[in-house]
Amino acid sequence: MSGAILVVEDEPAIQELIAVNLEHAGHHVLRAANVQQAEEHVRAALPDLVLLDWMLPGTSGVAYARQLRAAERTRDIPIIMLTARATEQEKILALESGADDYVTKPFSPRELIARIKAVMRRRAPQLTDDAVEIAGLRLDPTAHRITGNGKAVAAGPTEFRLLHWFITHPERVYSRAQLLDEVWGDHVFVEERTVDVHIRRLRQALEPTGHDRLLDTVRGTGYRFCRELP
């Protein structure tokens with residue numbers, strides 16, 4: 001499952017090299033040469049990961065990473081810092097600024113892709129192609145297939161995305177607004193009650209195998225997906 005990656009890099013040749021390799025790997029690439037351009041992309045729609053050069057004209061990558069982490073809307077976006085700085089102190093600074101990882105220039109495209117995949121698996125598992133399973137309920141993003149105790153479960157595309165989010169983020173309570181942002185995207189404007197409709201459809205799809213019992217309604221708050229059947 002591909003993600004939208006914002007590449008913030010002011011050197012055209014490096015930006016092009018990164019973009020081509022990411023697109024070849026199946027990602028949607030957004031490009032920015034400075035923080036102002038990056039902010040325009042972020043305001044339009046949250047990217048799934050930011051690939052951020054340390055040395056940028058005007059605001060530095062370190063300062064922008066701190067800015068992203070300080071804002072509630074962007075604080076959870078995975079960030080990988082690109083840096084020509086290789087000292088231990090500078091690497092620590094990159095991580096302390098909010099970066100999840102850093103890649104030292106020069107780097108190989110294969111290494112970069114591997115680092116991106118590792119960070120996404122850790123910070124955004126719903127964006128990977130890894131099959132996931134809880135209590136006999138298995139979701140395979142590559143095959144776009146859901147099974148419950150080995151039996152096929154039929155679900156629509158929105159219910160599939162909703163289940164993928166839940167199954168990769170179990171035991172956490174999410175409000176309707178949070179689910180809209182995470183599953184539909186924060187740039188999509190629909191009524192919060194839309195979530196209830198798709199929750200009901202998801203429960204109906206899971207009911208034949210009994211896995212609808214994994215999905216709890218937390219009164220006054222939202223929904224939680226459990227690791228074990230009650």
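Could we say that A118 is more than 26 Å from A177 (Cα to Cα), in contact with a Lys or Arg (Cβ under 7 Å, 6 or more places away or on another chain) and among the aliphatic types (A, V, I, L, M) here? Walk me through how you get there before you give the answer.
On the way: more than 26 Å from A177 (Cα to Cα): yes; in contact with a Lys or Arg (Cβ under 7 Å, 6 or more places away or on another chain): no; among the aliphatic types (A, V, I, L, M): yes.
No: the conditions fail for A118.
Here are L112, L163, L206, L180: which of them is surrounded by 18 or more Cβ atoms within 10 Å (Cβ to Cβ) and out of contact with any strand residue (DSSP E or B) (no Cβ under 7 Å at 6 or more places or on another chain)?
The unique qualifying residue is L180.
Among the residues of region 1-14, what is the count of those that are assigned to a loop (DSSP other than H, G, I, E, B) and either modelled with pLDDT of 95 or more or closer than 17 Å to L56 by Cβ (or both)?
Step one: list which residues in region 1-14 are assigned to a loop (DSSP other than H, G, I, E, B), which gives 1-3, 9-11.
Next, only the ones that are either modelled with pLDDT of 95 or more or closer than 17 Å to L56 by Cβ (or both) stay: 9-11.
So the answer is 3.
Quick grid of which residues meet (1) aromatic (F, W, Y); (2) closer than 30 Å to L180 by Cβ; (3) in a helix (DSSP H, G or I); (4) not assigned by TED's automatic domain parsing to the domain that holds Y102:
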residue	(1), (2), (3), (4)
E16	no, no, yes, no
R31	no, yes, no, no
V42	no, yes, yes, no
L51	no, yes, no, no
M55	no, no, no, no
Y64	yes, yes, yes, no
L68	no, yes, yes, no
R73	no, yes, no, no
R85	no, no, no, no
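Out of V62, V42, V50, I need the residue that is among the hydrophobic types (A, V, I, L, M, F, W, C) and in contact with a Pro (Cβ under 9 Å, 6 or more places away or on another chain). Which one?
Values: V62 fails: in contact with a Pro (Cβ under 9 Å, 6 or more places away or on another chain); V42 fails: in contact with a Pro (Cβ under 9 Å, 6 or more places away or on another chain).
Residue meeting the stated conditions: V50.
So, in region 57-77, exactly how many residues are in contact (Cβ under 8 Å) with a residue 40 or more places away in the chain and surrounded by fewer than 23 Cβ atoms within 10 Å (Cβ to Cβ)? Spell out the reasoning first.
Initial filter on region 57-77 (in contact (Cβ under 8 Å) with a residue 40 or more places away in the chain): 57, 61, 64, 73, 76.
Keeping just the survivors that are surrounded by fewer than 23 Cβ atoms within 10 Å (Cβ to Cβ) gives 57, 73, 76.
Residues flagged as in contact (Cβ under 8 Å) with a residue 40 or more places away in the chain and surrounded by fewer than 23 Cβ atoms within 10 Å (Cβ to Cβ) within region 57-77 amount to 3.
Look through region 127-150, keep the residues that are part of a strand (DSSP E or B) and out of contact with any Phe, Trp or Tyr (no Cβ under 9 Å at 6 or more places or on another chain), and return whichever of them is nearest to L214 (Cα to Cα).
The first filter runs over region 127-150 and keeps only residues part of a strand (DSSP E or B), leaving 132-134, 137-140, 145-148.
Adding the requirement that they be out of contact with any Phe, Trp or Tyr (no Cβ under 9 Å at 6 or more places or on another chain) leaves 132-133, 137-138, 140, 145, 147-148.
Details: V132: 15, E133: 12, L137: 10, R138: 13, D140: 18, R145: 18, T147: 14, G148: 12 Å.
Taking the candidates together, the pick is L137.
Could you grab the pairs with beta carbons closer than 7 Å, sequence gap of 6+ or different chains, first residue in region 171-200 and farther than 19 Å from T74 by Cβ and modelled with pLDDT of 85 or more, second one among the hydrophobic types (A, V, I, L, M, F, W, C) and part of a loop (DSSP other than H, G, I, E, B)?
Between residues of region 171-200 that are farther than 19 Å from T74 by Cβ and modelled with pLDDT of 85 or more and residues that are among the hydrophobic types (A, V, I, L, M, F, W, C) and part of a loop (DSSP other than H, G, I, E, B), the close pairs are E171/C226.
The values are calculated or read from the model by the stated rules, or taken from the named source; none is laboratory data. Because the structure is a prediction, the values reported are computed rather than measured. Glycine gets a Cβ as well: all are built from the backbone with ideal geometry, and neighbour counts include every protein chain shown.
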